[in-house]
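Here the structure is laid out as structure tokens; the discussion comes afterwards.
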Amino acid sequence: MHILVCGGTGCKSSLSDSIVENLRAELEHHNLEDEVQVIMTGCFGFCEQGPIVKMMPDNTFYVKVQPNDARELIKEHIVKGRKVTRLLYENPVSKESVPDSKHMGFYRKQIRVALRNCGFINPENIEEYIARDGYSAIAKVLGEMTPQQAIDIIKKSGLRGRGGGGFPTGLKWEITSKNQADQKYVVCNADEGDPGAFMDRSVLEGDPHSVVEAMAICGYCIGATKGLVYIRAEYPLAIERLKIAIEQARNYGLLGESILGTNFSFDISLRYGAGAFVCGEETALIHSMEGKRGEPTVKPPFPAESGYLGKPTVVNNVETYANVPVIFNKGAEWFASIGTEKSKGTKVFALAGKINNVGLIEVPMGTSLREVIFEIGGGIKNNKKFKAVQTGGPSGGCLTEKHLSTPIDYDNLIASGSMMGSGGMIVMDEDDCMVSVARYYLDFTVDESCGKCSPCRIGNMRLKEILDKIIVGNGTMEDIDRLRNLSAVIKDSSLCGLGQTAPNPVLSTLDNFMDEYIAHVKDKKCPAGRCKSLMKYEVIPENCVGCTACARNCPVNAISGERKQTHFIDTQICIKCGACIERCKFNAIVIN
Amino acid sequence: MTKVKSLADLKRMQEELQGKLKVRERATNPEGHVQVKVAMATCGIASGAKGVMEFMMEELDKRNIDAVITQTGCMGYCYAEPTIEVTIPGKEPVVFGYVDIRKADEIIEKYIKNGEYVDGIIPVNYESIDNK
């Protein structure tokens, strides 16, 4: 028997290490340590319900397990063979407990390709990866194919870059392979920086060998012997597991000199990023790896021509690489049969925000937003109303109710005014103010702008200032026009992707939530009740008994009134701290 | 540590290692395999169910039969312990009573391999609510 315990960052911070320790101790106590193995795997994806423990072979899925539960799990499930009902997942609608992940709404619609091994194998054991057909793809490529034949397979599969742009991967490899040079480089972009996104981290934590194998395949295809992973230093667990994977692959002769007895040699080293968002842009990433400032440069020349140290370089994202070995193992036709006409395969998304099932999911391209949010994601928290979903991170946009039936793929998302990005999906409900959301993302890009070109450095700052003005109630209708014009200029004239897409959250909220902007500007009201400056505290005279509790507790003496008389709040003095509402026992104070 | 020097090395290694993950591979699709449930309540354990379960695990593996072996609670036939329930894909589950190592061996050879019934079958005397 195998007990699988989630060892992703999320579950680890909820003490899954001690769960493993306690399970092992309990097994020893029952003399079962030889029959039952406890294995720490990568992320299962259902982070909302973590830490997760899965019992094999009966496939029981335990959720929200605490270290103290180890004793009961072993005693009941392993020794007596009874399921521990209180730790099973409860169907939120029928309230029945669901023992098997196959029957959970969260997993039913998913197809796991890039995440095929996450939550299944021990990422720190190369043998488990090999047992799952690991390194067969590189063996097949080296043994049976010329580089061009291998590139043709990737081209035929229709795989497009999963980092955001969606550039055809096979084409990128082909262009780089045709550029002659004494050395070329394979780079893996693991500088995942979108707020709320953790797809790449989970792949590296749960299945690092798939990335190692794919990079070696890419090296063979383009004629490179060196690979580099640019990974952010904030991902310590991913770094550790990647290091272990590279070391094991070297020991097994699957990296290094003469791989599998052929004359192909390839090795990988790591470069750490300091967490600058702009370094996810490929030219900035390359400069950062060279030890220079992480600033982008104008393309062309593209990295395929002149990349790391001026040599032809392929830069692909983690998830893109994770798809490569499967394409060789299962065939380009199989991969191309999943997805839509122009977007093949699956996409991993990180669900976050006001959604019931926060976590990591993988669905075929072409799945609708409704399926993702309401079926897999389990709908909006606390039965609130869905308002918008933000995709594509700070470069993307907000999609609304009318987009819910849109099949998700690269082209449809762009047509709807957002983008695929790396796969973050932040769900918002009726309580979210869309002007504030736009400001939040702009705040992020202003912070992360490298400052090299003025449209991005100054333009985005001005955009943010205008939004600030609207949020405090000083905006005018001209400001809204100014937002639009300035956004267009920034998009047209910025140097790199960061600046070119930074105004997107503003534009998409303007397109979809103009009424909220107008409410802020004309009526000086925030419909969601979020913008503090636009709120007014008022006394309802019918309810006020004149107990003076509010006036005595107001820190700025904004409340006046005689005993047993209706009180009055001076909104000019009021700092909207809420102390009066807390003290009032008669519900006589409201926020308007 | 083993060096993988050729494609053949990798293939050999893959075959060797796949066995280790069989437990997990099968668990994701239990309906496609022979399922054996060993009753492991107090009565079952006291009558030697643990030994039977270990025997089943080892022998099915040795005899190359893809099977999912799990334990379950008391099936109610305490008089006939150890009891096991065997489900062959596409067939109704069958419960066997008084299963010792010898009986277990017979069940594997005759029922699991060839579908021949052997003595010791406990007739179904209940309906489970799943079927209602």
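The values are calculated or read from the model by the stated rules, or taken from the named source; none is laboratory data. Predicted, not measured: the structure shown is a model, and the values here were computed from it. Backbone-built Cβ (ideal geometry, glycine too); neighbour counts: all protein chains shown. What goes into the accessible areas is simple: the full protein's heavy atoms, side chains included, and nothing from ligands, DNA or RNA. Shrake-Rupley method; radii C 1.70, N 1.55, O 1.52, S 1.80 Å.
Could you tell me whether A:Thr9 is out of contact with any strand residue (DSSP E or B) (no Cβ under 8 Å at 6 or more places or on another chain), open to solvent by less than 60 Å² (accessible area, probe 1.4 Å) and modelled with pLDDT under 95? Don't jump to the end; show me each part of the working.
Details: out of contact with any strand residue (DSSP E or B) (no Cβ under 8 Å at 6 or more places or on another chain): yes; open to solvent by less than 60 Å² (accessible area, probe 1.4 Å): yes; modelled with pLDDT under 95: yes.
Against the criterion (out of contact with any strand residue (DSSP E or B) (no Cβ under 8 Å at 6 or more places or on another chain), open to solvent by less than 60 Å² (accessible area, probe 1.4 Å) and modelled with pLDDT under 95), A:Thr9 qualifies.
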Condition first: within 11 Å of A:Ser16 (Cβ to Cβ), hydrophobic (A, V, I, L, M, F, W, C) and part of a strand (DSSP E or B). Now tell me which residues in the stretch A:39-55 satisfy that.
A:Met40, A:Val53
Single residue of the stretch A:55-69 satisfying the filter (more than 28 Å from the chain's Cα centre (by Cα) and closer than 15 Å to A:Ala25 by Cβ) that is surrounded by the fewest Cβ atoms within 10 Å (Cβ to Cβ):
A:Asn68
Pairs returned, first residue in the stretch B:52-71 that is within 12 Å of another protein chain (Cβ to nearest Cβ), second residue that is among the basic types (Lys, Arg) and part of a helix (DSSP H, G or I), beta-carbon separation under 6 angstrom, 6 or more apart or interchain, are B:Val68/B:Arg26
Only one of these is of a type outside the set (Lys, Arg) and surrounded by fewer than 18 Cβ atoms within 10 Å (Cβ to Cβ): A:Ser288, A:Ser343, A:Ser337. Name it.
A:Ser337
Taking the stretch A:381-402 and keeping residues open to solvent by less than 10 Å² (accessible area, probe 1.4 Å) and in a strand (DSSP E or B) leaves A:Ala388, A:Val389, A:Gln390, A:Thr391, A:Gly397, A:Cys398, A:Leu399
Strands (runs of 3 or more DSSP E) wholly in the stretch B:14-122 with at least 2 residues that are more than 30 Å from A:Ile126 (Cα to Cα), open to solvent by less than 20 Å² (accessible area, probe 1.4 Å) and modelled with pLDDT of 85 or more - which ones?
B:34-39, B:84-87, B:94-96
Do any helices (runs of 4 or more DSSP H) lying entirely in the stretch A:403-513 carry at least 3 residues that are under 23 Å from A:Ala274 (Cα atoms), and which ones are they?
A:434-448, A:497-501
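Give me the residue from the stretch A:168-182 that is of a type in the set (A, V, I, L, M) and in a helix (DSSP H, G or I) and, out of that set, farthest from A:Ile151 (Cα to Cα). Before you say what the answer is, go through the steps one by one.
Residues of the stretch A:168-182 that are of a type in the set (A, V, I, L, M), as a first pass: A:171, A:175, A:181.
Now narrow it down to the ones that are in a helix (DSSP H, G or I): A:171, A:175.
On the way: A:Leu171: 8, A:Ile175: 10 Å.
The extreme case among them is A:Ile175.
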